[in-house]
Amino acid sequence: MAALGMNADGLRRDERLERLRLFGLSSPALLLILVVLVIPVGWLFYVSFIGANGQFSLENYERMINRSSYRRIFFTTFQVSFLTTGLCILIGYPLAYFISQLPAKLANLCLITVLLPFWTSLLVRTYAWLVLLQKQGLVNSWGMSLGLWDEPIKMVHNMTGTLIGMVHIMLPFLILPVYGAMKAVDADFMKAAANLGASPRKAFWTVFFPLTTPGLFAGALMVFILCLGFFVTPAVLGGGKVIMVSMKIVSNIELFVNWGAASALGVVLLVATVAILWVASRFLNLDQIAGGGH
Amino acid sequence: MGGWFSKPATETQVTHGQRMWLYVLAVIIMVLLVAPTLIVIPMSFSDSQYLEFPPQTWSTRWYNHYFGSEEWMQATATSLKVAVLTMMVATPVGVLAAYGLHASRVPYVRAAFVLILTPMMVPLVLVAIGAFYAYVQLNLLYTITGLVLAHTMLALPLVVIVTGSALKGYDMTQEDAARSLGAPRWQAFLTVTLPQIRFAVITSALLAFLTSFDEVVIAMFISGGDNPTLTRNMFNALRDQIDPTIASISTVMILITTLAMVLAQVFGQQKPPK
């Protein structure tokens, strides 16, 4: 009996070792993320609390509260993020609904139109809008030749251009989870609602829509978070008139070499992102967003 | 046609005619999603400075400018080299991590998974200036190695998520069977598991390639000197003025991306070796 017990202990020890060794397979990945991301960001966190005189100070954070230019940057960032998310919902939800109702073959074809921009380079798409929306661009020349407006409208290097570009880039992030949620709705529910006397509109808003809200929240959350830290599109299409936090961080480093100010902005951005994810995780299964579900 | 309009389209008996607005709206949105990118291709063959569509006179002048410029060619070579190397590093490292985390079931798995997802959660600008600082200390600034490491870090969450979800749908007892027949674990993985999660691994490799090839913000900070990437140079050119050369470069980038996707499809569809 004693020998058997020792044997069992040994087996258990072997299994523990085996599991640890398997866990060790992830160490190159973990190490890389630690060295290139976690430690440097940790250092930025530290630097954000160091003032110009090299001592501990909160001046980098006080600046954000006291200076109106900083307050405006935060306002713009949230404004762009909210507007982009809202527009994505208004445009993406109907399209996802349309595709979800098509027969499989046609639906796959339509999904390609959603996935194609997803695969195309962000910079290429931003450039495309820059070319289309400029004064001599296609949209203006077509609009004027159709008599819709008389003089070239300024559609780029401002908020309009930024929003058009951002919505175009973010739409797939909203459409894909919403489409997934819609495909999961049992068609019999709608039949039952109709059978019980609900008008089509009522059946949609009281049965179908509530069932798709988890996908809608997940997509909207993803879009909002991505918008908060977005850089390329507002930098190119905003033309210096739409200044978001990420752009201020870059100019603080590139123009002013002020690591403290840049780090503090970065920390605020990161804390805002994590806070939003944390609040959302209380209502949603976040694994779903990361794609780790099922 | 009239019959189709009055036919019910949904379970609640709404007819096709009644929701014509939805069809029109959906088609407009789909055109707006695809057209802006595709329109760049014919425009890049325009002879005009303002990139007309349709071009009044066709020419390859912007391509001549791109392919004749040593600076652009070098940047393209750097981007391709970095993207291929990122794919070759991120795929095995990410697949190993996904497999390790899936199979080990130790209590730290959850924490490790969160750590691997952090590159997706941290704003890219913060990642970029952090890497910039770290590379100054590590002497990796403006090097290919530095770019590959940073892009690998960025691609890892995608590889782990895609491969990990394939492993969740895979029956691990098949590997146990191979091992009970005497195969060591690595052999069981390579000959039994890997062929079955092949498609996810190839998709991961494609995602890693594209992540690196498209990346702008990190490259803005840590590429430069002798090794600026294509996207870095493009971004700088866009900030100054609308250079029509960018249209030809965009077309080449669309071509490379499409080629990568087609290759992934071809390799992914092949039957596993018997």
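Quick one: is residue B:175 under 22 Å from the mean Cα position of the chain (by Cα) and of a type in the set (D, E, K, R)? Before the answer, list the steps.
Numbers: under 22 Å from the mean Cα position of the chain (by Cα): no; of a type in the set (D, E, K, R): yes.
So residue B:175 does not fit the description; no.
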Checked region B:190-213 for anything touching a Ser or Thr at 6+ places or on another chain (Cβ under 8 Å) and either of a type in the set (S, T, N, Q) or surrounded by fewer than 24 Cβ atoms within 10 Å (Cβ to Cβ) (or both); matches are B:197, B:200, B:201, B:204, B:211, B:212, B:213
Out of A:170, A:144, I need the residue that is in a helix (DSSP H, G or I) and in contact with a Cys (Cβ under 8 Å, 6 or more places away or on another chain). Which one? A:170
When you go through (1) in contact (Cβ under 8 Å) with a residue 60 or more places away in the chain; (2) surrounded by fewer than 17 Cβ atoms within 10 Å (Cβ to Cβ); (3) at positive phi one by one for residue B:41, which number turns out not to apply? (3)
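Confirm whether residue A:156 is within 13 Å of chain B (Cβ to nearest Cβ) and assigned to a helix (DSSP H, G or I). Talk me through it step by step, then tell me what you get.
On the way: within 13 Å of chain B (Cβ to nearest Cβ): yes; assigned to a helix (DSSP H, G or I): no.
The answer is no for residue A:156.
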Within region B:120-133, restricting to residues that are in contact with a Phe, Trp or Tyr (Cβ under 7 Å, 6 or more places away or on another chain) and more than 7 Å from chain A (Cβ to nearest Cβ), the one that is farthest from residue A:264 (Cα to Cα) is B:132
Whether any residue in region B:106-119 is at the interface with chain A (Cβ under 10 Å from one of its Cβ atoms), touching a helix residue (DSSP H, G or I) at 6+ places or on another chain (Cβ under 8 Å), outside any helix (DSSP H, G or I) and surrounded by fewer than 21 Cβ atoms within 10 Å (Cβ to Cβ) is what I want to check. yes
Condition (residue is in a helix (DSSP H, G or I), crowded, with 22+ Cβ neighbours inside 10 Å and touching a helix residue (DSSP H, G or I) at 6+ places or on another chain (Cβ under 6 Å)) applied to region A:275-284: is it met by at least one residue? no
If residue A:22 passes every condition in (1) in contact with a Gly (Cβ under 9 Å, 6 or more places away or on another chain); (2) more than 7 Å from every other protein chain (Cβ to nearest Cβ) but one, which one does it miss? (2)
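Do the conditions hold for residue B:263, that is, is it aliphatic (A, V, I, L, M), surrounded by fewer than 20 Cβ atoms within 10 Å (Cβ to Cβ), more than 22 Å from residue B:69 (Cα to Cα) and modelled with pLDDT under 90?
Here the answer is yes, as residue B:263 does meet what is asked.
Could you look through region B:139-148, keep only residues that are within 21 Å of the chain's Cα centre (by Cα) and touching a residue at least 60 places away in the same chain (Cβ under 8 Å), and pick out the one that is farthest from the other protein chains (Cβ to nearest Cβ)?
So the first thing to find is which residues in region B:139-148 are within 21 Å of the chain's Cα centre (by Cα), and the list is B:144-148.
Narrowing further to those that are touching a residue at least 60 places away in the same chain (Cβ under 8 Å): B:144, B:146-148.
Numbers: B:144: 15, B:146: 9, B:147: 11, B:148: 11 Å.
It comes out as B:144.
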Based on this model, can you work out whether residue A:215 counts as in the same structural domain as residue A:127 (by TED's automatic domain parsing), touching a Ser or Thr at 6+ places or on another chain (Cβ under 9 Å) and at pLDDT below 95? no
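The values are calculated or read from the model by the stated rules, or taken from the named source; none is laboratory data. Computed from a predicted structure; not experimentally measured. For neighbour counting, all protein chains shown are included, and Cβ atoms are generated from backbone atoms with ideal geometry for every residue, glycine included.
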